[in-house]
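Nothing in this text is a laboratory measurement; each read-out follows from the coordinates by a stated rule. None of the values given here were measured: they were computed from a predicted structure. Virtual Cβ from ideal backbone geometry, glycine too; neighbours counted across all protein chains shown.
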Amino acid sequence: MIEIENLTVRYGGVTSLDALTLVFARGTCGLIGPNGAGKTTFFNVLSGFVRPASGTVRAFGTNLLAMSHFRRARWGVRRTFQTEQAIEELTVYDNVAMVASPLRGAARRADVLAAIEYAGIDASPGTRVGTLGAGQRRLVEVARAVAGKPRLVLLDEPAAGLPEQETQHLAEVIRGIPEYAGALTILVDHDMSLVSAVCSTTAVLDFGKLIASGPTAAVLRDEHVMRAYLGTAEV
Amino acid sequence: MTGVDTKDATAVAQQGLPLLRRRPQRPVHLTVTVVLALFVLFALPEFMSGYYTGYATLVAIYSIVTLGLGLLVGRVGLYSLGQGAILQIGAWTGARLLFASGQPYPVVLIEAGLVTMLIGTLIGLPAIRLRGLYLALITLMMAGGITVILATVNFPNGGGGFTGYNGTAVHIPPIRRPSIAGSETAYFRYAVVVALIMFVLVYLHLRTRPGRAWAAIRQSEPAALAAGINTTFYKLWAWALAAFITGVAGAVLAGQAQYLYSINFTTQDSIVLLAVALMGGVYNLWGAVIAALLMQLLPAFLQNLGLSYAWLDILFGLGVLQVLTTAPAGLADQFPKDMTRLGRLIMSRIRRPARDGAT
């Protein structure tokens, strides 16, 4: 459970998040909204790249904002980036193993291999990531996000630019994260079919303000949301 | 639970097993390296004249310096123009300790490395917050400052006090060498062994956790931070490791030169070091050896041919341009590729007449 209260972020004169108050309870939650709505800023606050002007973030009772970014990762915050950030010169194994983990020795190696297996990467752990395609690299990032006992997994447009078939596999993987890793998962994506397939609840942001939240199906059917942020018919 | 095929997943896990046993990835490379090291240690000194033995010792020493620089530039992305000054600190400390005490040589080398590491890290602490051009500028200024300080203090020449410099001395004692490596040839072997140990030290770093962290930092600092890597700590670690091995190299240099004068150390050395490190290749450990050959053996060749050193400045300038335009990974990457291409060209020339005859 992660509780956000009155979270405000300003860049100069732009208010990127405006007194956001929101609770993500459990499972996989969606976070949608048009470009510039503040979704990535929200992730940046949670993972420590942006310092908010005001507000509090409590994750499972811990004050996240009091920790520096790498300590949050050690606490259990995981995130992927809009532009995929798998490290090319390292192997699949090392890419996943670089994540902070409370496990040591054989248990840690087993955990890393299990994460690679879970993500369903179609290459041996010894393969250099630089030789993999875009879809596989995304899966490497996801494997890194579920390794090392995470508590909060933030996925920033993981399906961007992926073909239909790979998106389907990714959806399966993302849907299973809460059960596999026991972590609360928040998914930001523009692909509404992915969001509705994966997320039980969804929140909608626009211009830094929360305009709707609740069960995904209900939120996506909300006429106001559809008209204002998703275009009209397709969903 | 998910759509992952369990058979596939098991196969992946099984393929992962050899990785855990940490088998050498490229046994051929390992064999070539060992054979080459044995050749350099035992056969090469028999062929070389005294003239080239001295320069070959310098190659071994400077390969450690370019190794450290390659580590910073290639593995972490920190551009330092101050490694020449770090080397001076190592040489100064090594010389001072060798005059002051009768400690065994390896102990002095480690002490010089540690002192250099301490000073280098203290200087690096503020500099590490900068990147790219700004870091390069700051380290160049630092190199200039250290060169001036050491020129004022002077290098130890057997005198007393902290500086160990006696300006009125008529008879200057040479800096001592280890008892097992008094001659030029023996000292060459000694320097090569020290260099090999430093290469192994860096290699072990690259293959383990720090190496992974550095690779992550170089490609994407946000990704490294998000994975829980303390980027400042690991950058400082790289900085400290480079300063340590450069300090050790400085102490070996003190024993090689036997007489150190501040006039022999210039700020320009730091710039040349970066140029040759880039030309040799900063993403490959061989690049450090090539860089040292370029920096120390090439001038010896030119001198032997009676040509001016000034040609080197032009050559290195062109070399850096070449790196920037066509060969970002330097000679260590380009040379094998070109050789393969040449080999293929020759093979196709040999095969073509036969095929022509057949048709």
Cα extents of region B:116-241 along the principal axes, largest first, in whole Å, come to 61, 34, 23
Just report the Cα centroid separation between region A:59-98 and region A:1-44, whole Å.
19
Give the aspartates and glutamates reachable from A:LYS149 as a straight Cα distance under 16 Å; neighbours fewer than 8 places away on the same chain don't count.
A:ASP111, A:GLU117, A:GLU141, A:GLU179
For the pair B:THR232 and B:MET141, what calculated FRET efficiency results from E = 1/(1 + (r/R0)^6), where r is the Cβ-Cβ distance and R0 = 25 Å, to the nearest 0.05?
0.70
Once both axes come from the Cα atoms, what is the angle between helix B:268-280 and the longest principal axis of chain B, in degrees from 0 to 90, rounded to 10?
20
Would you tally the net charge around B:VAL282, using a Cβ to Cβ cut-off of less than 15 Å, leaving B:VAL282 out, and scoring K and R as +1, D and E as -1?
0
For chain B, calculate the relative contact order in percent as a whole number, restricting contacts to Cα pairs under 8 Å that are 6 or more residues apart.
28
How much of the calculated P(r) for region B:154-196 lies past 16 Å, in percent of all Cα pairs?
51
Cα centroid separation, region B:263-287 to region A:100-126 (Å):
39
Work out the charge dipole of the protein assembly as shown with +1 on the Cβ of Lys and Arg and -1 on the Cβ of Asp and Glu about the Cα centre, then indicate which of B:GLY247, B:ILE110, B:ALA127 is farthest towards its positive end.
B:ILE110
Could you give the size of the charge dipole of region A:103-209 about its Cα centre, using +1 on the Cβ of each K and R and -1 on the Cβ of each D and E, expressed in debye and rounded to the nearest 20?
660
Within the set A:LEU154, A:LEU184, A:LEU162, GNM on chain A using Cα springs under 10 Å gives the largest fluctuation to A:LEU162
Have a look at region A:2-229 and give its Rg and Dmax from the Cα atoms, expressed in angstrom.
17.2, 53
Would you kindly calculate the translational diffusion coefficient of chain B, applying Stokes-Einstein with the Kirkwood radius from alpha carbon pairs, for 37 °C and a viscosity of 0.692 mPa s, and quote it in µm² s⁻¹ without decimals?
147
Neighbours of B:LEU298 by Cβ distance under 15 Å: Lys/Arg at +1, Asp/Glu at -1, summed charge -2
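Among B:SER49, B:SER220, what is the fewest-to-most ranking by other Cβ atoms within 10 Å?
Lowest count first: B:SER49, B:SER220.
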For every helix of n ≥ 4 consecutive DSSP H residues, a contribution of -39,500 (n - 2.57) applies; sum these over chain B, divide by its total residues, and give [θ] at 222 nm rounded to the nearest 500 deg cm²/dmol.
-24000 deg cm²/dmol
A correct fewest-to-most ranking of B:ILE314, A:ILE116 by other Cβ atoms within 10 Å would be B:ILE314, A:ILE116
Give the span of the protein assembly as shown's Cα atoms along each principal axis, as three whole-Å numbers ordered largest to smallest.
95, 79, 44
Assigned charges on the beta-carbon of Lys, Arg, Asp, Glu; the protein assembly as shown dipole about Cα centre (debye)
1140
Sequence gap at least 6, Cα distance under 8 Å: using those rules, report the relative contact order of region A:2-229 to the nearest whole percent.
27
Take the Cβ-Cβ distance between B:GLU46 and A:HIS190 as r, set R0 to 45 Å, and report the resulting FRET efficiency rounded to the nearest 0.05.
0.05
Can you tally the net charge around A:LEU154? Count Lys and Arg as +1, Asp and Glu as -1, for every other residue whose Cβ sits under 9 Å from the Cβ of A:LEU154.
+1
Hey, fewest Cβ within 10 Å first, where do A:TRP75, B:TRP214 land in order?
A:TRP75, B:TRP214
How far, in nm, would the chain grow between B:ALA310 and B:TYR261 when pulled straight, counting 0.36 nm per residue and subtracting the alpha carbon separation?
15.4 nm
Expected unfolding gain across A:ARG51-A:ALA110 under the 0.36 nm per residue rule, minus the alpha-carbon gap, is 17.7 nm
Need the C-alpha centroid separation for region A:157-208 versus region B:220-253, integer Å.
37
